[in-house]
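Below is one structure; the comments refer to it alone.
The values are calculated or read from the model by the stated rules, or taken from the named source; none is laboratory data. In this text the structure is predicted, and so the values were computed from the model without any measurement. Please note: Cβ atoms are built from the backbone with ideal geometry, for glycine as well, and neighbour counts cover all protein chains shown. Heads up: the accessible areas ignore ligands, DNA and RNA and are worked out on the full protein's heavy atoms, side chains in. Shrake-Rupley method; radii C 1.70, N 1.55, O 1.52, S 1.80 Å.
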Amino acid sequence: MDLKDKIISERVPEHVAIIMDGNGRWAKKYGKPRVFGHRNGVKAVREITETAANLGVKCLTLYAFSTENWNRPRLEVNALMSLLVETLRIEINSLNENNIRLHAIGDLTKLPKKTYETLMEGIEKTKNNDRMMLNLALNYSGRWEIINAVKKIMEDTKSGAFQIDDLNQNSFEQYLTTNGIPDPELLIRTSGEYRLSNYLLWQIAYSELYFAPIYWPDFREEDFYKAIIDFQQRERRFGKTSEQIQ
Ligand code: IPE
Ligand code: IPE
Ligand code: MG
């Protein structure tokens with residue numbers, strides 16, 4: 001039986017978030033520069049995007065660049081930004097053909113001008129697609145997002161557009177970059193690292209976590225199926241007892 005056939009299609013998560021980690025170590029394994037790893041990471045992005053869309057996932061949020069990643073060597077940061085522009089230009093037509101909508105979360109206006117413009121162009125061109133959202137977290141971090149939301153709430157409170165008494169989890173979420181997108185049911189991290197690295201801190205409060213012991217460029221279709229199957233075998237209790245769920 002194929003792995004794919006073990007997946008219960010009615011219980012595929014609507015939103016899957018991924019921390020794509022291990023490009024650098026993958027490259028090192030082959031004695032190549034880190035950028036070689038990032039280039040091969042793009043191949044995995046392509047395959048996983050296609051796989052997720054085919055399974056019926058509605059939103060795939062990929063951690064592509066964290067606010068902390070600016071601290072990497074300048075050469076690597078530049079290479080990542082150029083790779084993003086190059087990839088978006090190449091892939092935008094195929095996203096359209098596959099009815100996939102590009103979206104991005106993070107402090108986007110602080111990205112290099114060309115990266116920002118290419119990204120916005122891609123988002124605009126694919127805005128009517130509704131099969132799946134490919135959501136790129138770029139210059140993103142969970143703490144930045146929460147502070148950013150608090151700032152906006154304070155501004156709205158000052159102007160009278162928001163009343164303190166109306167602050168609750170639902171109204172707070174509307175100030176997050178993921179407004180309108182349901183929380184991810186499943187969070188995958190590759191590379192064998194067991195940490196969250198400032199990713200979607202608010203949204204993953206009740207997500208199922210799945211850690212794959214392989215580097216991102218090696219993460220392919222079958223590995224994604226494995227994660228989904230593992231997810232489907234879990235009991236999501238949300239504080240209740242097992243008996244209450246059944
Ligand atoms: C993930 O791979 C890609 C980005 C963070 C942009 P890394 O570049 O973090 O690779 P490792 O973790 O150093 O192997
Ligand atoms: C997390 O990976 C960020 C992205 C995948 C874009 P990192 O490789 O930057 O995470 P840490 O610093 O090792 O925790
Ligand atoms: Mg890493």
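Work from the charge dipole of the chain (Cβ charges, +1 for Lys and Arg, -1 for Asp and Glu, about the Cα centre) and give the residue of 178, 71, 241 farthest towards its positive end.
The residue sitting most towards the positive pole is 71.
Assuming R0 = 22 Å, what is the FRET efficiency of residue 120 and residue 143, from their Cβ-Cβ distance, to the nearest 0.05? Provide the component values of the computation, followed by the final result.
Values: r = 25 Å, r/R0 = 1.13.
Efficiency for this residue pair is about 0.35.
Calculate, in nm to one decimal, what residue 241 and residue 25 gain on full extension: separation in residues at 0.36 nm each, minus their alpha carbon distance. Write down the numbers at each step before the final one.
Numbers: separation 216, 0.36 × 216 = 77.76 nm, distance 4.14 nm.
Computed gain between residue 241 and residue 25 is 73.6 nm.
If you place +1 on the Cβ of every Lys and Arg and -1 on the Cβ of every Asp and Glu, how big does the dipole about the Cα centre of the chain come out, in debye to the nearest 20? Write out the running numbers ahead of the final one.
Values: 34 positive and 34 negative charges, 195 e Å.
Using only the charged Cβ atoms, the result is roughly 940 debye.
Which parts of the range 65-88 would a label at residue 151 reach, counting a residue when its backbone N lies under 16 Å from a point 7 Å out along Cα-to-Cβ?
Taking a point 7 Å out along Cα→Cβ of residue 151, the residues of the range 65-88 whose backbone N falls under 16 Å are 67-68.
So how exposed is residue 146, as accessible area in Å² (1.4 Å probe, rounded to 10)?
Rounded to the nearest 10, that gives 50 Å².
Given a cut-off of under 8 Å on Cα pairs at least six residues apart, what relative contact order in percent is computed for the chain?
Working: 367 pairs, mean separation 71.4, N = 246.
Relative contact order here is 29 percent.
Over 24 Å between Cα atoms, which of 4/58; 125/151; 6/58; 110/152; 28/113; 6/29 qualify? Don't skip to the answer; put the middle values down first.
On the way: 4/58 18 Å; 125/151 31 Å; 6/58 20 Å; 110/152 18 Å; 28/113 31 Å; 6/29 33 Å.
With Cα atoms farther than 24 Å apart: 125/151; 28/113; 6/29.
Given a 1.4 angstrom probe, I'd like the percentage of the accessible area of the chain that is carbon and sulfur, rounded to a whole number. Let's see the in-between values first.
Details: 6620 of 13450 Å².
Carbon and sulfur atoms account for 49 percent of the accessible area of the chain.
If you build the Cα gyration tensor of the chain and take the root of 5 times each eigenvalue, what three semi-axes come out, in whole angstrom, biggest first?
Semi-axes (√(5λ), whole Å): 27, 26, 18.
What per residue convex hull volume, in Å³, comes out for the range 136-185 when only alpha-carbon positions are used? Please report the intermediate quantities before stating the final value.
Working: hull volume 4.5 nm³, N = 50.
Convex hull volume per residue, Cα atoms: 90 Å³.
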